[in-house]
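Below is one structure; the comments refer to it alone.
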Amino acid sequence: MGQIQLTTALIMIGLFTIAILGFAVNFASDNDSVIDISDDAQILSLYSDSATEVGDWNDNSTSQYQSIIETTIAPDGSTPQSAGSFAITPINAIGVAKNIMQVGYIKIFGTGSGFGIFLSTLIGVIGFMFALFIYKTWRGIPD
Amino acid sequence: MSLYELPNATSSLDNMLVQAIAASPSFTPLLLVFAFFVVFLGGSGRQLARNGTADYSMWSVIASLSIFMISLIMSTITGIIRLDWLVIVVVVTIFSGVWFFLDRKPSEI
């Protein structure tokens, strides 16, 4: 799984979450459901937070696009001195996935469980993968 | 003396369901678990038999979406599903999506 695929996967996770929650909220509203998913504050908050994170990522990707296409590599073949071109995806993409995992984890396992190491480790792995992919892409080392 | 109280069948079918769930609250979650595994094991099992390999994460998403739709329909009537169960179904659906999107091969972006 390369950087492009990982970023796409994380953003798709965000879009999938927004679609599922949006459908559930609007289904309850349209049908006057007695059990309304929007009565759960955390789920409603996850819905709006995911939309915000994906929106922020969209804004960042648009503004960074120009810098990416303007990136030049010197004739002697040296690599760029800054990894700024790769700053486009990770923060918001990780933010989306982290938020979704966190709320989902709390809903199933609760807040006081000792199983919390699972979530923090998983998020740590995602962050580590991102950093490694950026470094390897920057240095031109095959994945 | 009857072994169990028969539900009142003169009102409506959904009322029978509500009465059955009032008598046995675990009916709803077990029904959803049953529906999930019918789709998940049935789909992945047949795909495995036909192709020699199965896309488990995809079948997990399909099974989750199935129980998600069933839960939403259940949520329109009082007494069939509780909010916490609906939330768990939504979370399971989202986690299936997480598994699905992180499980793709490089050729399946």
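Would you work out if chain B is rounded, prolate or oblate? Take a ≥ b ≥ c from the square roots of the eigenvalues of the alpha-carbon gyration tensor; rounded if a/c is under 1.5, else prolate when a/b is larger than b/c, oblate otherwise.
prolate
If you take the square roots of the eigenvalues of the alpha-carbon gyration tensor of the stretch A:16-62 and sort them as a ≥ b ≥ c, do you get rounded (a/c under 1.5), prolate (a/b over b/c) or oblate?
The shape class here is prolate.
Within chain B, which whole H helices from DSSP have a Cα span along their axis of at least 20 Å and a mean Kyte-Doolittle hydropathy of 0.5 or more, if any?
Answer set is B:27-51, B:56-74, B:83-102.
For A:W138, what accessible area in Å² do you get when you roll a 1.4 Å probe over the heavy atoms of the protein chains, rounding to the nearest 10?
Roughly 70 Å² of A:W138 is accessible to a 1.4 Å probe.
Per-residue Cβ counts within 10 Å, from other chains only, averaged over B:18-30: what number is that?
The shielding value for this peptide is 0.
Averaging sequence separations of C-alpha pairs under 8 Å and six or more residues apart, then dividing by the length of chain B, give the relative contact order as a whole percent.
Value for chain B: 24 percent.
From zero up to wherever the largest Cα-Cα distance of the stretch B:53-109 sits, split into 5 Å bins and tell me the percent of pairs in each.
4, 20, 23, 18, 14, 9, 7, 4, 1, 0
Using a 1.4 angstrom probe with every protein chain in place, what is the largest-first accessible-area order of A:Y65, A:Y47, B:Y56?
A:Y65, B:Y56, A:Y47
Rolling a 1.4 angstrom probe over the protein heavy atoms, how many square angstrom per residue are accessible across the stretch B:2-109?
With the other protein chains kept in place, the stretch B:2-109 gives 57 Å² per residue.
Keeping all protein chains in place and using 1.4 angstrom, which order do A:Y105, A:Y135 fall into by accessible surface area, from largest down?
Largest accessible area first, the list is A:Y135, A:Y105.
The values are calculated or read from the model by the stated rules, or taken from the named source; none is laboratory data. Note that this is a predicted model, so its numbers are computed, not measured. Note that each Cβ is placed from the backbone with ideal geometry, even for glycine, and that neighbours are counted across all protein chains shown. These area figures cover heavy atoms from the full protein model, side chains too; ligands, DNA and RNA do not enter into them. Shrake-Rupley method; radii C 1.70, N 1.55, O 1.52, S 1.80 Å.
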